[in-house]
Amino acid sequence: RAKSTGRQRFVLFDESQQTAAMNVLELELALRNALHAGEFVPYFQPIVRMDDRSTLGYEALIRWQHPVRGLLGPGEFLPVAEESGLIEAIDWHMYRLACTAGAPLVAKGGFISINISPRHFQYEDFDQRLLELLRETGFAPERLRIEVTEGTLLGDPDAVARILERLQAAGVSAALDDFGTGYSSLSYVHRFPLKKIKIDRSFIRDLGQENAQRSLAIIHAVLSLARSLDMSVVAEGVETEAQRQALLEIGCQRAQGFLFGRPQPAAYWLEPDGKA
Ligand code: C2E
Ligand code: MG
Ligand code: MG
Ligand code: MG
């Protein structure tokens with residue numbers, strides 16, 4: 001009995017592994033086709049000042065307009081895109097669209113923020129390529145922000161710092177995304193030219209609830225250190241009025257979240273009752 005169970009388990013394991021491998025290959029192929037078919041599009045989510053709810057800028061977030069499955073978020077395909085390296089081509093496509101579709105959103109001010117896969121930093125000329133894209137699309141470097149994650153900084157810190165320095169000198173400032181989910185401290189982060197810190201939404205989730213003390217203390221510490229380092233702070237994932245109040249009370253002014261607006265196509269924000 002033990003033997004047959006073992007055998008059964010082996011077979012099951014083997015089959016599911018095969019299925020998983022197949023799915024990855026299928027997805028990779030589908031991603032390649034989707035890129036060429038133009039199915040990747042940017043959605044834009046406002047980043048706001050919480051006191052008067054005015055829009056400071058928009059983060060461009062990738063969506064896959066799948067002909068059969070509908071609109072897919074990055075959670076469904078980004079891991080495979082990263083793993084396969086396809087994210088490089090997909091991102092360049094996205095950055096171009098973020099600039100062209102996003103331009104009308106920032107015509108009167110504000111910025112468009114794009115997410116940079118860690119992979120791009122293996123190219124010492126990443127900044128040159130990005131600036132070239134801005135020239136081609138006529139998008140002002142001062143209106144573009146880039147978002148990088150802690151993991152990116154750990155890769156080849158000196159190379160990453162050089163690229164960020166050159167971008168900043170050209171007018172493109174950088175933000176640290178999902179802060180608090182990795183292992184780096186703000187003092188480490190300070191070695192990089194970063195203008196903004198985005199506090200991960202896992203810390204925002206507890207706010208306005210009973211056990212908010214720990215997250216509040218962390219956010220408070222990030223705020224005061226950021227202030228002394230001349231960096232601005234954005235709270236990610238603000239969904240409730242209670243969270244907005246709690247953040248304002250401890251002096252956090254900027255945020256992004258469903259409370260203020262979900263990611264939408266650029267046209268949505270340009271409608272007469274939109275915000276741009
Ligand atoms: P991120 O850069 O941290 O983006 C914020 C994510 O939080 C987005 O998820 C956004 O839809 C979600 N979000 C915003 N406000 C709320 C809220 O109030 N509640 C909840 N539950 N979620 C909220 P999304 O669009 O699924 O993107 C996931 C991640 O995929 C992004 O996290 C970013 O790391 C990555 N990503 C998105 N677009 C691109 C891209 O064009 N290129 C690359 N390389 N990565 C991208
Ligand atoms: Mg981001
Ligand atoms: Mg984030
Ligand atoms: Mg995130």
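Some observations on this one:
- Among the conditions (1) within 16 Å of ligand 4 (Cβ to nearest atom); (2) more than 15 Å from ASP91 (Cα to Cα); (3) among the hydrophobic types (A, V, I, L, M, F, W, C); (4) in contact with a Leu (Cβ under 8 Å, 6 or more places away or on another chain), the only one that ILE199 does not satisfy is (4).
- Of everything listed in (1) farther than 23 Å from ARG96 by Cα; (2) away from ligand 3 (no atom under 16 Å from the Cβ); (3) touching a helix residue (DSSP H, G or I) at 6+ places or on another chain (Cβ under 7 Å); (4) part of a helix (DSSP H, G or I), the single unmet condition for ILE163 is (1).
- The sole residue among LEU31, LEU105 that is closer than 23 Å to LEU144 by Cα, crowded, with 18+ Cβ neighbours inside 10 Å and of a type in the set (A, V, I, L, M) is LEU105.
- In region 143-157, the residue that is surrounded by the most Cβ atoms within 10 Å (Cβ to Cβ) out of those that are at pLDDT below 95 and away from ligand 4 (no atom under 15 Å from the Cβ) is LEU153.
- Residue within region 173-184 that is of a type in the set (D, E, K, R), farther than 24 Å from ALA140 by Cβ and in a loop (DSSP other than H, G, I, E, B) present: no
- Subset of region 224-241 that is at pLDDT below 95 and in a helix (DSSP H, G or I) - its residue that is farthest from ASN211 (Cα to Cα): SER228
- Screening LEU105, LEU97 for residues that are in contact (Cβ under 8 Å) with a residue 12 or more places away in the chain, under 19 Å from GLN45 (Cα atoms) and within 11 Å of ligand 1 (Cβ to nearest atom) leaves exactly one candidate, LEU97.
- Any hit, region 254-266, residues being closer than 30 Å to LEU133 by Cα, away from ligand 3 (no atom under 16 Å from the Cβ), modelled with pLDDT of 95 or more and surrounded by fewer than 20 Cβ atoms within 10 Å (Cβ to Cβ): yes
- Among the residues of region 68-75, not a single one is under 18 Å from GLU147 (Cα atoms), surrounded by fewer than 16 Cβ atoms within 10 Å (Cβ to Cβ), of a type in the set (Gly, Ala, Ser) and more than 16 Å from ligand 3 (Cβ to nearest atom).
- Scanning region 226-247 for residues that are away from ligand 1 (no atom under 16 Å from the Cβ) and aliphatic (A, V, I, L, M) yields ALA226, LEU229, MET231.
- Members of region 166-218 found to be more than 30 Å from GLU132 (Cβ to Cβ), within 15 Å of ligand 3 (Cβ to nearest atom) and of a type in the set (D, E, K, R), listed by number: ASP200, ARG201, ARG205
The values are calculated or read from the model by the stated rules, or taken from the named source; none is laboratory data. Keep in mind it's a predicted model, so treat the numbers as computed, not measured. Note that we place each Cβ from the backbone using ideal geometry, even for glycine, and neighbour counts take in every protein chain shown.
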